[in-house]
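This report concerns only the one structure given below.
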Amino acid sequence: MFVYLFAYFLKMKLYLRINSLALIIILGLTLMCYSQRKVVTVYNPKSNTLYLELFGNSINYYVIGYDKIFCIAPNNRIAAACGFSWLPKVRQDGITKLNFSPHVSYLYGQRHFLEVGTGLTYEVYEKTTAIPLRLGYRFQPDDGGFYYRIHLTPIFGETKFIHLSALMIGGMAFGITF
């Protein structure tokens with residue numbers, strides 16, 4: 001059969017041979033280009049965390065919070081979190097303290113992260129706000145489990161007595177990632 005096709009090819013006029021060869025080359029190149037398609041892998045780590053933070057974001061001594069990680073790339077992530085703290089009648093005037101602390105952080109690394117972030121701390125009863133910054137270390141495995149972080153947190157804000165203040169504190173958090 002191949003000999004018959006080759007003989008037929010030789011009997012064809014020159015422009016038909018050139019067109020046939022061009023068609024065979026174009027089809028061959030198309031098949032080669034298709035074989036170089038990029039394979040995309042899906043990266044899906046455990047990204048939810050419940051934690052207890054001591055000092056750190058809140059002016060009260062602790063924060064109970066929830067953290068969600070959004071992957072940009074395996075080494076680059078964004079973490080959004082929100083927490084609250086409540087202290088009943090801790091001052092002499094009997095005022096209860098209730099704080100809400102939403103914040104966002106940029107995370108660089110895998111399992112062991114450099115964390116840089118900012119947020120807002122709002123005290124409900126005194127109606128004061130503060131802006132905490134965060135620079136620290138975070139350990140959070142991709143497959144879930146124990147989570148902790150240690151960070152330096154300068155807090156800029158207002159209080160009942162001072163309109164603008166700065167407080168440099170450190171904090172740590174422990175929790176579980178699922």
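Pop out the ³J(HN,Hα) list for the stretch 134-148 in order, Karplus 6.51 cos²θ - 1.76 cosθ + 1.60 with θ = phi - 60°, rounded to Hz; leave Gly and Pro as x.
9, 9, x, 10, 10, 10, 8, x, 5, 8, x, x, 5, 10, 8
Under the rule of at least 5 residues apart or a separate chain, name every residue whose amide H is placed under 5 Å from the amide H of G144.
K46
Hey, rough spin-label estimate for R111 and L152, points 7 angstrom out along Cα→Cβ, what's it come to in nanometres?
2.7
If each residue of separation counts as 0.36 nm, what is the full-extension length gain between I72 and M172 once their alpha-carbon separation is subtracted? Before the final figure, lay out the partial values.
On the way: separation 100, 0.36 × 100 = 36.00 nm, distance 2.51 nm.
Roughly 33.5 nm would be gained on extension.
For the residue pair N48 and F100, what label-to-label distance in nm results when each label sits 7 Å from Cα along the Cα-to-beta-carbon direction?
In this crude label model, N48 to F100 measures out at 2.1 nm.
Of the trypsin sites (Lys or Arg not before Pro) in the stretch 65-165, which ones lie in a loop per DSSP and count no more than 15 other C-beta atoms within 10 Å?
K89, R91, R111, K127, K160
Can you list the residues, at least 5 places off or on another chain, whose amide H is less than 5 Å from the amide H of T128, using H built in the peptide plane?
E123
Read-outs: derived from the displayed coordinates by stated rules, not from any lab. Worth saying up front: this structure is predicted, and the values here are computed from it rather than measured. Backbone-built Cβ (ideal geometry, glycine too); neighbour counts: all protein chains shown.
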